[in-house]
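The values are calculated or read from the model by the stated rules, or taken from the named source; none is laboratory data. Because the structure is predicted, anything quoted here is derived from the model rather than measured. Cβ atoms come from the backbone with ideal geometry, glycine included; neighbour counts cover every protein chain shown. Each accessible area value is taken on the protein alone, full model and side chains, heavy atoms only, with ligands, DNA and RNA left out. Shrake-Rupley method; radii C 1.70, N 1.55, O 1.52, S 1.80 Å.
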Amino acid sequence: MSPGTGPRAGDRPDDHPTGVAYEQALAAQGRTPGQAPADGQAQPYDPLKLCVYATVALLAWVFGAWAVLAFAALGVAGYWRARRAGLTRSKCYLRDTRLVLAYLGLVALAAAAALVLPHLPR
């Protein structure tokens, strides 16, 4: 992609940074996606998602099922709110927000079961 232009046909969407944080960073610089920086130098790709994934994995490793339950509950709350606001298609792999809500609900139930089952009498 040449500086100052948006994605072209044939460009893979995952080759370019996306997301709210990326768009906010561009807005802070007074730019829009695909627009070259003021100094004319193209910025290198920032693999922020990989840092986020590693952080979430670390939290899940340290806090176990409590972290999984917290992230699942946070996801359910966020998708529930977005769905009530009219979002029906997500960028999530599952696409349909109902499927995403069902998936996150199952993850939350599995985490809750992992926390409760060891304490039940046998």
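A few points about this structure:
- Residues satisfying the stated conditions in the stretch 81-99, i.e. under 19 Å from Val20 (Cα atoms) and among the aliphatic types (A, V, I, L, M): Ala82, Ala85, Leu87
- Among the candidates Leu74, Leu101, Leu69, the residue that is open to solvent by 100 Å² or more (accessible area, probe 1.4 Å), under 30 Å from Pro118 (Cβ atoms) and not polar (S, T, N, Q) is uniquely Leu74.
- Scanning the stretch 56-66 for residues that are surrounded by 12 or more Cβ atoms within 10 Å (Cβ to Cβ) and closer than 22 Å to Val116 by Cα gives Leu59, Ala60, Phe63, Gly64, Ala65, Trp66.
- Only residues that are open to solvent by 90 Å² or more (accessible area, probe 1.4 Å) and in a helix (DSSP H, G or I) were counted across the stretch 80-95, and they come to 3.
- Just one of the numbered conditions (1) in contact (Cβ under 8 Å) with a residue 12 or more places away in the chain; (2) open to solvent by 100 Å² or more (accessible area, probe 1.4 Å); (3) under 23 Å from Glu23 (Cβ atoms) is not true of Tyr53: (1).
- Taking the listed residues Arg122, Arg98, the one that is of a type in the set (Lys, Arg), out of contact with any Pro (no Cβ under 7 Å at 6 or more places or on another chain) and in a helix (DSSP H, G or I) is Arg98, with no other qualifying.
- Filter result (surrounded by 13 or more Cβ atoms within 10 Å (Cβ to Cβ) and among the hydrophobic types (A, V, I, L, M, F, W, C)) within the stretch 37-50: Leu48
- Any hit, the stretch 47-55, residues being outside any helix (DSSP H, G or I) and of a type outside the set (Gly, Ala, Ser): yes
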